[in-house]
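The values are calculated or read from the model by the stated rules, or taken from the named source; none is laboratory data. In this text the structure is predicted, and so the values were computed from the model without any measurement. Note: ideal-geometry Cβ built from the backbone for every residue, glycine included; neighbour counts use all protein chains shown. Surface areas here come from the heavy atoms of the whole protein model, side chains and all, with no ligands, DNA or RNA. Shrake-Rupley method; radii C 1.70, N 1.55, O 1.52, S 1.80 Å.
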Amino acid sequence: MRNFVRAGAGRKSHHPQSTIHATILGFRLQTGQLEAMSEDHGQRRHRVRKAFKRVWLVLFGTIVFVFAMIGLLFTLRGTPLSRVIGVGRHSTPPAVSDPTFHETMSLLTNTNFVAGNSIDITINGDQTYPRLWADLRSAKQSLTVQMYYCNVGRMATEMKEILLERSKAGVRILFLLDAFGALGLTRAYLDSLRKGGIEVAEFRPVKWYELHKAQTRSHIRVIVVDGRIGWTGGFGLDDKWYGDGRHKDQWRDSNVRFTGPAVLQLQATFAAGWTEATGELLTGDMFFPLERFQEDAARVAGVMHMAPTIGSTPAERFLALSIAGARKTLYISNSYFVPDDDFRSLLVDAAKRGVDVRVLTAGSTTDVKTTWYAGRHRYEELLAAGVRVYEYQPVMMHAKSLVSDGLWSSVGTMNFDNRSLAFNDESNLDALDPVVGATMNRIFMEDLRYSKEIRLDEFRKRRWTAKTLEFAANLMSRLL
């Protein structure tokens, strides 16, 4: 019996139920291991996915950042010129009275200066528009018109009526407007021109796939009648340009009417813009009459077409040479006067070598307060060096001109700011002539009668709020 029990006890350890329990336990252990292994594998895959996602996000973010920086730096770019030097027999840049001056200017700004031009400076609406309308009405073959700022009103209507009448008379008319500056013209206005046979084109319309061109505008003004009479300057198509530039709601501006070979250069400036806007390159004697000009006057002049580039621009080279060439007087009239560090140094250097440097700019009646504040931030340095600064008082002063030593003159569309020097297409008529220079000096001195001179001691006492606004505006000066 005892042996039986022992035998039964021994067999008990090998009972089938125990085996099943052991098997189930082993299976559970094995399943747990597999589940654990599977969970570890899943976690690793998840971690790998997250790592790849991070890499792609970093890569994508880097690409976006790089392109954003490229765009930002492109938008904020300035011009590289910092000084003008003379190398060779003369250790200084040529004076405007030096025979090599206009040759140097020609080479460095791609401007052809030729004799045989007749030049009339006209200021404000009262002197400009009666003659301009008369010239438009005299067209027999062609009219090319390029404008920046346009707005509906009495002046725009008057222009439209003249153009439609000339078109009906068989004159071929091309009208090129900057798509941003001419936003004030309605679609109905432009359609009425087109229905009247006038060819209308928009320069650089803002499109999402051409945003890199959005801030590079055509600030040019061109009117050419039959390829023989040319106009450029600060004028626009808006009622504020009517009047004498001395009373409320009028703008003070300077323009130039000329005949002679320089007109063909102005026509070529228009042709460049028309080509970009339409794809058509203008040629032929309707637009470029090539017979010799019969002019009594022998004014040496040239139209400077300034177009933006990545590096040094004709605009900055023109301005630097004009400042460096002054020996006696340098009178600058400019509505948006925001000289950068290098151009302030050039103006200071001119004053220190004994040049009477005077700047006339807009006052508190300006249409762009930000630009005015940014410019005023730079006054102290100029005033301390002897540069005299004046602000025009009655109305907005919109002129863009300079005259050096009563001999070298320029009238056109170029402002003294980074936008004109680095970004905009501009057009100026430059003349090397004492008669034109004397006229420019007279106009400048007349304007000073309506201006307030900024005195250094008084200017330093301005309120802290004004200084704060000037400092903030100065931070945006590359965009102005």
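Quick check on my filter: what residues within region 359-394 are over 29 Å from Val303 (Cα atoms) and hydrophobic (A, V, I, L, M, F, W, C)?
Ala374, Leu382, Leu383, Ala384, Ala385
Return the residue satisfying two criteria in turn: it lies in region 354-394 and is among the acidic types (Asp, Glu) and touching a strand residue (DSSP E or B) at 6+ places or on another chain (Cβ under 7 Å), and of such residues it is farthest from Leu475 (Cα to Cα).
Asp356
Considering every residue within region 394-415, establish whether at least one is part of a helix (DSSP H, G or I), basic (Lys, Arg) and at pLDDT 95 or above.
Within region 394-415 (the criterion being part of a helix (DSSP H, G or I), basic (Lys, Arg) and at pLDDT 95 or above), the answer is no, since none of the residues qualifies.
Would you be able to say whether some residue in region 232-255 is part of a helix (DSSP H, G or I) and open to solvent by 20 Å² or more (accessible area, probe 1.4 Å)?
Within region 232-255, one or more residues are part of a helix (DSSP H, G or I) and open to solvent by 20 Å² or more (accessible area, probe 1.4 Å).
Quickly run through region 457-480 and pick out the residues that are farther than 21 Å from Thr365 by Cβ and surrounded by fewer than 13 Cβ atoms within 10 Å (Cβ to Cβ).
Those that are farther than 21 Å from Thr365 by Cβ and surrounded by fewer than 13 Cβ atoms within 10 Å (Cβ to Cβ): Asp457, Arg460, Lys461, Trp464, Thr468, Phe471, Leu475.
Could you say which residue among Pro289, Pro205 is under 21 Å from the mean Cα position of the chain (by Cα) and part of a loop (DSSP other than H, G, I, E, B)?
Among Pro289, Pro205, only Pro205 is under 21 Å from the mean Cα position of the chain (by Cα) and part of a loop (DSSP other than H, G, I, E, B).
Pairs, please: C-beta under 6 Å, at least 6 apart or cross-chain, first residue open to solvent by 10 Å² or more (accessible area, probe 1.4 Å) and in region 319-334, second part of a helix (DSSP H, G or I) and of a type in the set (A, V, I, L, M)?
Leu321/Met105
What strands (runs of 3 or more DSSP E), lying completely within region 87-193, carry at least 3 residues that are under 25 Å from the mean Cα position of the chain (by Cα) and hydrophobic (A, V, I, L, M, F, W, C)?
172-178
List the pairs whose first member sits in region 154-169 and is hydroxyl-bearing (Ser, Thr, Tyr), whose second member is crowded, with 20+ Cβ neighbours inside 10 Å and at pLDDT 95 or above, and whose Cβ atoms are under 8 Å apart, counting only residues at least 6 apart or on separate chains?
Within 8 Å, the pairs are Ser167/Ile173; Ser167/Ile198.
Just one of (1) part of a helix (DSSP H, G or I); (2) surrounded by fewer than 23 Cβ atoms within 10 Å (Cβ to Cβ) trips up Thr269, so point out which.
(2)
Picking from Gly311, Gly284, Gly325, Gly302, which residue would you name as being under 28 Å from the mean Cα position of the chain (by Cα) and farther than 25 Å from Ser409 by Cα?
Matching residue, one of Gly311, Gly284, Gly325, Gly302: Gly311.
Any idea which of Ala431, Ala422, Ala399 is buried (at least 22 other Cβ atoms within 10 Å of the Cβ), in contact with a Pro (Cβ under 8 Å, 6 or more places away or on another chain), on the phi < 0 side of the Ramachandran plot and not polar (S, T, N, Q)?
Only one candidate qualifies: Ala422.
Tally time: how many residues in region 143-160 are among the β-branched types (Val, Ile, Thr) and open to solvent by less than 30 Å² (accessible area, probe 1.4 Å)?
Counting residues in region 143-160 that are among the β-branched types (Val, Ile, Thr) and open to solvent by less than 30 Å² (accessible area, probe 1.4 Å) gives 2.
Tally time: how many residues in region 97-111 are farther than 11 Å from Asp430 by Cβ and touching a Ser or Thr at 6+ places or on another chain (Cβ under 7 Å)?
Of the residues in region 97-111, 0 are farther than 11 Å from Asp430 by Cβ and touching a Ser or Thr at 6+ places or on another chain (Cβ under 7 Å).
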